[in-house]
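Visitor: Dropping the structure in here first, questions after.
FYI, it's all coordinate maths here, none of it is from the lab. This one's a predicted model, so the numbers in the text were calculated from it and none came from an experiment. Please note: Cβ atoms are built from the backbone with ideal geometry, for glycine as well, and neighbour counts cover all protein chains shown.
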Amino acid sequence: MRPVGLSRAALGPGSSLVPVAPAREVVRRAAELAKQMMHEPKPETVAASLTAVERILLFCIDSGTDWQKRSRITGATVTAMAVRGLVEHDAVGRLTLTVEGRAVLADVLKAD
């Protein structure tokens, strides 16, 4: 694969140009591969490990409650939940639950 920004002349005679995927696509593919390679914990295990604030965030997102004004949830909590794969931003920029996040919330509701 050729480095970004080099022309065929800079690579030398006989070299071929290889299309370079956009950075977002590369990151998305890498994330999917990492997810497949990792052992994913069961929703029951994740639900049991959530703090009260993390549970409140899941409830707020699912119910459409403004979590920034109504509760004292910090940005660090949101980031931690995104890293865990439970929440994500939609096309408009609002937080939404992922499939895994919905499964964990369902388990939280079932347990209570």
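Visitor: Return a whole-number percent for the relative contact order of the stretch 42-112, with Cα pairs under 8 Å and 6 or more residues apart as the contact set.
Guide: 39
Visitor: Using 7 Å Cα-to-Cβ label points, what is the Ala34/Ala91 separation (nm, one decimal)?
Guide: Taking the simple label geometry, Ala34 and Ala91 are separated by 2.6 nm.
Visitor: How large are Rg and Dmax for the stretch 42-112 when only the alpha carbon atoms are used, in Å?
Guide: Calculated on Cα positions, Rg and Dmax stand at 11.1, 32 Å.
Visitor: Still on this structure, please answer the following. What ranking do Thr65, Thr51 get, fewest neighbouring Cβ atoms within 10 angstrom at the top?
Guide: Lowest to highest Cβ neighbour count: Thr51, Thr65.
Visitor: Stretch Ser49-Ala106 to full length: gain in nm at 0.36 nm per residue minus the Cα-Cα span?
Guide: Fully extending the segment from Ser49 to Ala106 adds 19.1 nm.
Visitor: Fewest first, what order do Arg94, Arg55 take by the number of other Cβ atoms within 10 Å?
Guide: Going from sparsest to densest Cβ surroundings: Arg94, Arg55.
Visitor: Going by how many other Cβ atoms sit within 10 Å of their own, how do Glu54, Glu25 line up, fewest first?
Guide: Neighbour counts put them in this order, fewest first: Glu25, Glu54.
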